[in-house]
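K.L.:
Here it is, the structure in full.
Derivation of every value follows stated rules applied to the coordinates shown; laboratory data play no part. Fair warning: this is a prediction, and the values are worked out from it, not measured in the lab. Note that each Cβ is placed from the backbone with ideal geometry, even for glycine, and that neighbours are counted across all protein chains shown.
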Amino acid sequence: MVRAAVLASGDGGRLQAILDAMYFKEIPNIDLVAVICPERSCNAMKRALNAGVSAYVVDPELFPTMTSHSMAVANKLRDMDIELVILADYELPLGVIPYQFKNRIIGIYPALYPAFEDVEGDVQRAVLERGVRVTGATAYFADNDGRVGGIILQKAVEVRQGDDLETLRRRVMEECEWPLLTRAVAAYCGGELQTRGNRVRFVAPVEN
């Protein structure tokens, strides 16, 4: 079993996708040990507790710098012997965490990377403003800077003529972000991923 932890913020939609996939046994060999949030009041915390998953708060306001906060999160992950870190709308800098979990942090980028990699803020707003016809999402391993490193999976969706921010965000989340995140985690836990530098490829699942 792969001991995993989720770093989550905000509404927790991506966390719920993981929890739902686990409930329906779509992720093999995973032991979701903990969910770590930056604040107790976030909905992600409630989703974890409702699912019976241990949830912890590492409050950045208790630390002098974001680097020291990331060190505290990394120490918490190590203390729990975490093998895989899953990013679920986590809004804080990863700091030192990627150095200690190289090719073991999976996240989702809400576009077809490297498209819009320099956009600060709302990617889907930029998609609409620039008249892009196709967008999507990218599942990836975080690099040493906590950004998109090795690309695991990508999926595209059409940007429809009548789309607004709400409809486009919902389609990208439901059709791309959530299924890609769960599939990438399932592939990791099933021993299907092999990395070489920044290249990720799928291999035959490891037999138990």
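K.L.:
Students often forget the sequence filter, so: which lysines lie under 25 Å Cα-Cα from Lys102 once same-chain residues fewer than 8 apart are removed?
P.N.:
Lys76, Lys155
K.L.:
Rounded to the nearest 20 debye, what is the charge dipole size of the range 116-196 about its Cα centre when +1 sits on each Lys and Arg Cβ and -1 on each Asp and Glu Cβ?
P.N.:
280
K.L.:
List the trypsin sites (Lys or Arg not before Pro) within the range 141-191 that DSSP assigns to loop and that have no more than 15 neighbouring Cβ atoms inside 10 Å.
P.N.:
Arg147, Arg160
K.L.:
Can you give the Kirkwood hydrodynamic radius of the chain from its Cα pairs, in Å with one decimal?
P.N.:
Answer for the chain: a Kirkwood hydrodynamic radius of 17.4 Å.
K.L.:
Could you please report the charge total around Met66, scoring K, R as +1 and D, E as -1 over all other residues with beta-carbon less than 14 angstrom from its beta-carbon?
P.N.:
-4
K.L.:
Label-point separation (nm) for Lys46 and Tyr99, each offset 7 Å from Cα along Cα-to-Cβ?
P.N.:
It works out to 3.8 nm between the two label points.
K.L.:
Below 15 angstrom from the Cβ of Ala5, what's the summed charge of the other residues (Lys, Arg +1; Asp, Glu -1)?
P.N.:
Spelling it out: positives minus negatives among the neighbours equals +1.
K.L.:
With n ≥ 4 as the cut-off for DSSP H runs, can you work out [θ] at 222 nm for the chain, using -39500 (n - 2.57) per run divided by the number of residues, rounded to the nearest 500?
P.N.:
-8500 deg cm²/dmol, from helical runs alone.
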